[in-house]
1. Condition test on Glu180, is it touching an Asp or Glu at 6+ places or on another chain (Cβ under 9 Å), modelled with pLDDT of 95 or more, outside any loop (DSSP other than H, G, I, E, B) and open to solvent by 60 Å² or more (accessible area, probe 1.4 Å)?
2. Open to solvent by 40 Å² or more (accessible area, probe 1.4 Å), in a strand (DSSP E or B) and either free of Cβ contacts under 8 Å to residues at least 60 places away in the same chain or of a type outside the set (Phe, Trp, Tyr) (or both): does that describe Lys191?
3. Of everything in the stretch 162-216, what is within 22 Å of Asp57 (Cα to Cα) and among the hydroxyl-bearing types (Ser, Thr, Tyr)? Give them in sequence order.
4. For the stretch 174-220, give me each residue that is of a type in the set (Phe, Trp, Tyr) and over 26 Å from the mean Cα position of the chain (by Cα).
5. Need the failing condition index for Glu4 against (1) in contact (Cβ under 8 Å) with a residue 12 or more places away in the chain; (2) part of a helix (DSSP H, G or I); (3) loosely packed, with under 13 Cβ neighbours inside 10 Å, just the number.
6. Can you go through Asp89, Asp154, Asp97 and tell me which one is without any contact (Cβ under 8 Å) to a residue 12 or more places away in the chain and among the acidic types (Asp, Glu)?
Amino acid sequence: MTSEHTMEPTRKFFAKHGFFGLNERNVVFFEQSVIPCVDVDGKVILEDKFKIATAPDGNGGLYRALGQNGMIDDMDRRGIDMIHVYCVDNILVKMADPVFVGFCLEKNANCGAKVVKKAFPEEPVGVICQVNGVYQVVEYSEISSETANRRNSDGELTFNAGNICNHFFSKEFLKTLILEHEQELIYHIAKKKIPFIDANGVRQNPATPNGIKMEKFVFDVFQFSTNFAVWEVLREEEFSPLKNADGAPKDTPTTSRGDLLNLHKQFALRAGAKLCNSEATNGASNGHAAAGCGQLKAVVEISPLVSYFGEGLTELLGGKELNPASIERDPTTGQPKITPLP
């Protein structure tokens, strides 16, 4: 799903990269709706002369877009019964995770969500919980400090299921939702800096929020599930969001890349590889540091075409001493190969 502004750039990006090995016929692009932007007094904002400022209707606009663009009918034609959706920039996301899908099927769930344990009570993340017997996401701003710090007898936070916008849906659930409940989803208000045309016809770029964008949230449909399932995963293995530019303390391109490389390093260590590393906590202390590596730090990048969960690497990496390397599938032979990195 794209917005009106990202549709063509996204199409071109996929085409440029050969649809990343996928059959082009199996990659479908569709566009979400937009909503007019208004100022704090509710007046429509003009982004240009004779043009109303609009914004995408949020990740919860998915359901309307699926219906309006005939995506459910397309799924019927393709024999698709289960759908995996994720809605944040997360370099560690496991697309169509077979374990998560299998868990939801085993529980006969028509809607499911992955969660991670909150890092600390006031972490700015919504939590999945029951409110008056109905599952929903309660935003961190809606939880009092007392509630956020409440703990169970085992010391764990009571409201600990951090929402990471990673969901499972059955097709039948989506069909029912689109036909019967989509109009019930509420709009949430987000105060934003919205460029506008002033009374003199001059375009202005405000330095502070001056208007309101309205959006729906993808997880607001949990309330309509007849059998909802929650699957807790390890943050270090499945959640590294990208929210900020480099220079910010967290959730940047640099921290995302580091989290991915750390995960791949753990895959290699579990497979029995010996890694060059100057940091004892990541190498020598666990008995997997290679002798004679000098001060090189371990950098291992593993293509998902070679290993998805870290599986199948023992024969390839077991007992090998690795300097910085990438592990990819040879396009000619189809076999994995180790390529030293500069």
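1. Here the answer is no, as Glu180 does not meet what is asked.
2. Considered against the rule, which asks whether it is open to solvent by 40 Å² or more (accessible area, probe 1.4 Å), in a strand (DSSP E or B) and either free of Cβ contacts under 8 Å to residues at least 60 places away in the same chain or of a type outside the set (Phe, Trp, Tyr) (or both), Lys191 comes out as yes.
3. Within the stretch 162-216, Thr176, Tyr187, Thr208 qualify.
4. Scanning the stretch 174-220 gives a single hit, Phe196.
5. Checking Glu4 against (1) in contact (Cβ under 8 Å) with a residue 12 or more places away in the chain; (2) part of a helix (DSSP H, G or I); (3) loosely packed, with under 13 Cβ neighbours inside 10 Å, the one that fails is (2).
6. From the options Asp89, Asp154, Asp97, the qualifying one is Asp154.
A quick yes/no check of all residues on (1) of a type in the set (Lys, Arg); (2) open to solvent by less than 70 Å² (accessible area, probe 1.4 Å); (3) more than 26 Å from Pro324 (Cβ to Cβ):
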{"position": "Ser225", "(1), (2), (3)": "no, yes, yes"}
{"position": "Phe228", "(1), (2), (3)": "no, yes, yes"}
{"position": "Glu232", "(1), (2), (3)": "no, no, yes"}
{"position": "Phe239", "(1), (2), (3)": "no, yes, no"}
{"position": "Lys243", "(1), (2), (3)": "yes, no, yes"}
{"position": "Asp246", "(1), (2), (3)": "no, no, no"}
{"position": "Thr254", "(1), (2), (3)": "no, no, no"}
{"position": "Leu269", "(1), (2), (3)": "no, yes, no"}
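The values are calculated or read from the model by the stated rules, or taken from the named source; none is laboratory data. Nothing here was measured: the structure is a model prediction, and the numbers come from that model. Note that each Cβ is placed from the backbone with ideal geometry, even for glycine, and that neighbours are counted across all protein chains shown. Heads up: the accessible areas ignore ligands, DNA and RNA and are worked out on the full protein's heavy atoms, side chains in. Shrake-Rupley method; radii C 1.70, N 1.55, O 1.52, S 1.80 Å.
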